[in-house]
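The values are calculated or read from the model by the stated rules, or taken from the named source; none is laboratory data. What you are looking at is a predicted structure, and each value in this text was computed from that prediction instead of being measured. No Cβ is skipped: glycine too gets one built from the backbone with ideal geometry, and neighbour counts run over all protein chains shown. All accessible areas refer to the heavy atoms of the entire protein, side chains included, with ligands and DNA or RNA removed. Shrake-Rupley method; radii C 1.70, N 1.55, O 1.52, S 1.80 Å.
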Amino acid sequence: MESEFEHMADLVLVILCVAGGMLMWQTHGWLMAVSSIMFAAGGTLLAVHWCAVSMRRMGEDGR
(Lines give C-alpha, C1' and ligand atoms only; values in the text may rest on other atoms or scores of the structure.)
Protein backbone atom coordinates (compact mmCIF):
# COMPACT_ATOMS: atom_id res chain seq x y z
CA MET A 1 0.00 0.00 0.00
CA GLU A 2 1.36 3.39 -0.94
CA SER A 3 1.91 5.99 1.73
CA GLU A 4 0.21 9.37 1.73
CA PHE A 5 3.51 10.99 0.88
CA GLU A 6 3.77 8.95 -2.32
CA HIS A 7 0.21 9.89 -3.29
CA MET A 8 0.94 13.57 -2.67
CA ALA A 9 4.20 13.37 -4.62
CA ASP A 10 2.34 11.80 -7.56
CA LEU A 11 -0.34 14.48 -7.41
CA VAL A 12 2.12 17.37 -7.23
CA LEU A 13 4.19 16.01 -10.12
CA VAL A 14 1.12 15.44 -12.30
CA ILE A 15 -0.12 18.97 -11.58
CA LEU A 16 3.34 20.39 -12.30
CA CYS A 17 3.52 18.55 -15.61
CA VAL A 18 -0.01 19.45 -16.75
CA ALA A 19 0.30 23.10 -15.71
CA GLY A 20 3.65 23.37 -17.48
CA GLY A 21 2.21 21.87 -20.65
CA MET A 22 -0.82 24.16 -20.61
CA LEU A 23 1.21 27.29 -19.93
CA MET A 24 3.84 26.39 -22.50
CA TRP A 25 1.42 26.85 -25.40
CA GLN A 26 -0.22 30.04 -24.05
CA THR A 27 2.83 32.13 -23.14
CA HIS A 28 5.86 33.71 -24.79
CA GLY A 29 9.36 34.67 -23.75
CA TRP A 30 10.85 33.72 -20.41
CA LEU A 31 7.55 32.34 -19.05
CA MET A 32 7.41 29.92 -21.97
CA ALA A 33 10.95 28.79 -21.19
CA VAL A 34 10.11 28.26 -17.51
CA SER A 35 6.91 26.35 -18.30
CA SER A 36 8.74 24.19 -20.86
CA ILE A 37 11.31 23.21 -18.23
CA MET A 38 8.50 22.63 -15.71
CA PHE A 39 6.71 20.35 -18.19
CA ALA A 40 9.80 18.30 -19.01
CA ALA A 41 11.06 18.11 -15.42
CA GLY A 42 7.62 17.20 -14.05
CA GLY A 43 7.22 14.33 -16.49
CA THR A 44 10.74 13.05 -15.90
CA LEU A 45 10.44 13.22 -12.11
CA LEU A 46 7.06 11.47 -12.26
CA ALA A 47 8.53 8.62 -14.31
CA VAL A 48 11.49 8.30 -11.94
CA HIS A 49 9.18 8.33 -8.90
CA TRP A 50 6.91 5.63 -10.34
CA CYS A 51 9.96 3.54 -11.23
CA ALA A 52 11.38 3.86 -7.70
CA VAL A 53 8.04 2.93 -6.13
CA SER A 54 7.63 -0.12 -8.35
CA MET A 55 11.22 -1.25 -7.68
CA ARG A 56 10.63 -0.92 -3.94
CA ARG A 57 7.41 -2.92 -4.19
CA MET A 58 9.17 -5.67 -6.11
CA GLY A 59 11.79 -5.77 -3.36
CA GLU A 60 9.10 -6.04 -0.68
CA ASP A 61 7.40 -8.87 -2.56
CA GLY A 62 10.64 -10.84 -2.56
CA ARG A 63 10.98 -10.99 -6.34
- Note on the structure: Pseudo-spin-label distance His28 to Ala52, built 7 Å along Cα→Cβ, given in nm, is 3.9
- Where only protein heavy atoms count, and the probe is 1.4 Å, what is the accessible area per residue for the chain in Å²? 77
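Between Leu11 and Thr44, what is 0.36 nm times their sequence separation minus the Cα-Cα distance? Round to one decimal in nm.
Numbers: separation 33, 0.36 × 33 = 11.88 nm, distance 1.40 nm.
Working it through step by step, the gained length comes to 10.5 nm.
Using a probe of 1.4 angstrom, how much of the accessible area of the chain is carbon and sulfur, in percent?
Working: 3640 of 4820 Å².
So the carbon and sulfur contribution to the accessible surface is 75 percent.
Treating the beta-carbon of each Lys and Arg as +1 and of each Asp and Glu as -1, no other charges, what is the dipole magnitude of the chain about its Cα centre, to the nearest 20 debye? Please report the intermediate quantities before stating the final value.
Numbers: 3 positive and 6 negative charges, 46 e Å.
Taking the Cα centre of the chain as origin, the dipole is about 220 debye.
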- Residue (of Ser54, Trp30, Ser3) at the positive-pole extreme of the chain, dipole from beta-carbon charges: Trp30
- Query: Nearest 10 degrees, 0 to 90: what angle lies between the long axis of helix 30-60 and the longest principal axis of the chain (Cα atoms)?
  - Reply: 10
- Query: Quick one: what does P(r) look like for the chain with 10 Å bins over all Cα pairs, in whole %?
  - Reply: 23, 39, 23, 11, 3, 0
